[in-house]
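The values are calculated or read from the model by the stated rules, or taken from the named source; none is laboratory data. The shown structure was predicted, so the numbers you read here are calculated from the model rather than taken from an experiment. Please note: Cβ atoms are built from the backbone with ideal geometry, for glycine as well, and neighbour counts cover all protein chains shown. Ligands, DNA and RNA are excluded from the accessible area calculation, which covers all protein heavy atoms including side chains. Shrake-Rupley method; radii C 1.70, N 1.55, O 1.52, S 1.80 Å.
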Amino acid sequence: MPAAVRKVAISFGMVYIPVALYTAVQERGVRFNQITPDGVRVRQKRVREDSGAEVPSSEICKGYEYAKGRYVVLTDEELERVQSERDRAIQILHFAPAGSIPPVYYDKSYLCTPDGGDKAYELLRRAMMEEHVVGVGQCVLWNRQDMLALIPEENGIRVQTLFYRQQLRTSPFSAPQAQVTETEMRMGKQLVQAMTRPYQPENYRDEYEEKLLAAIQRKIDGQEITAAAEPARNVIDLMEALQKSLEMQAGRREPALAGAV
């Protein structure tokens, strides 16, 4: 198990549960370094704005710009003093029905494990699970107060940071209200129904990463990276597109039906 990224506590009513938070997802993707054409690594440096002189990490402070070009410096110790014990605990404000938080509000995910008080932790997990609710709370994790959802799972509690309502942007334009015929709508709903199935995360993989790694290996082997073949796309009208899509979905189901007979 990797090191905990934060040790806090969950507080609801008079119950206080010490917990540890762990990163719940792994970074993915092929990582590239910045290099020169002849293969020398390029490093980024922190420099002074006035002289261009490099500044070591030990001399870098946190500064708040309260006026143009004027800063007040805050040390880590001073920032810690601003936080009360209540701020450093996950205060459950209330419970909400599971699934009632719109997905757009979810941000980062953490695994939450007991760090003492195992019985109280299990009581909270089971109570939320059996009541089909999630905990809605707040906590100062990294110099800001985050909204949190505590989600009970079979093996523990997952803590999900939430965006505040003020952080969500609305679309700067409104979609045109195009006229859709009853026949188009009926076929569109049929296509949606034909493509509806449970979400099974084990069935999906990052196919682009696989192609990228294969291309990198070809380059290492001295081969040329060729352009990927693009499927031919003919311009067809909406009704024809819907009809062909429905036929394609029907064709995918037929082998399964034949095998079941």
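Some values worked out for this structure:
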read-out: Residue match in the stretch 77-99 (condition: modelled with pLDDT of 90 or more and touching a His at 6+ places or on another chain (Cβ under 7 Å)); value: yes
read-out: Subset of the stretch 20-52 (residues that are within 22 Å of the chain's Cα centre (by Cα) and either open to solvent by 50 Å² or more (accessible area, probe 1.4 Å) or among the aliphatic types (A, V, I, L, M) (or both)); value: Ala20, Leu21, Thr23, Ala24, Val25, Gln26, Glu27, Arg28, Val30, Arg31, Phe32
read-out: Where a residue in the stretch 174-189 is in a loop (DSSP other than H, G, I, E, B) and its partner, wherever it lies, is not hydroxyl-bearing (Ser, Thr, Tyr), with Cβ under 8 Å and at least six apart; value: Val180/Gly188
read-out: Some residue of the stretch 105-114 being small (Gly, Ala, Ser), in contact with a strand residue (DSSP E or B) (Cβ under 8 Å, 6 or more places away or on another chain) and within 21 Å of Ala20 (Cα to Cα); value: yes
read-out: Qualifying residue in the stretch 162-178 (condition: among the aliphatic types (A, V, I, L, M), closer than 30 Å to Lys244 by Cα and surrounded by fewer than 16 Cβ atoms within 10 Å (Cβ to Cβ)); value: yes
read-out: Among (1) open to solvent by 100 Å² or more (accessible area, probe 1.4 Å); (2) touching a strand residue (DSSP E or B) at 6+ places or on another chain (Cβ under 7 Å); (3) closer than 30 Å to Arg31 by Cβ - the single one His132 does not satisfy; value: (3)
read-out: Failed item, numbered, when Ile101 is tested on (1) more than 16 Å from Asp146 (Cα to Cα); (2) open to solvent by less than 60 Å² (accessible area, probe 1.4 Å); value: (1)
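Conditions (1) surrounded by 10 or more Cβ atoms within 10 Å (Cβ to Cβ); (2) touching a residue at least 12 places away in the same chain (Cβ under 8 Å); (3) farther than 29 Å from Glu80 by Cβ, marked per residue:
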{"site": "Pro114", "(1), (2), (3)": "yes, yes, no"}
{"site": "Met128", "(1), (2), (3)": "yes, yes, yes"}
{"site": "Gly137", "(1), (2), (3)": "yes, yes, no"}
{"site": "Thr196", "(1), (2), (3)": "no, no, yes"}
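Yes/no per residue for (1) under 25 Å from the mean Cα position of the chain (by Cα); (2) of a type in the set (Val, Ile, Thr); (3) open to solvent by 90 Å² or more (accessible area, probe 1.4 Å):
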site	(1), (2), (3)
Val72	no, yes, no
Arg81	no, no, yes
Tyr106	yes, no, no
Asp118	no, no, yes
Arg125	yes, no, no
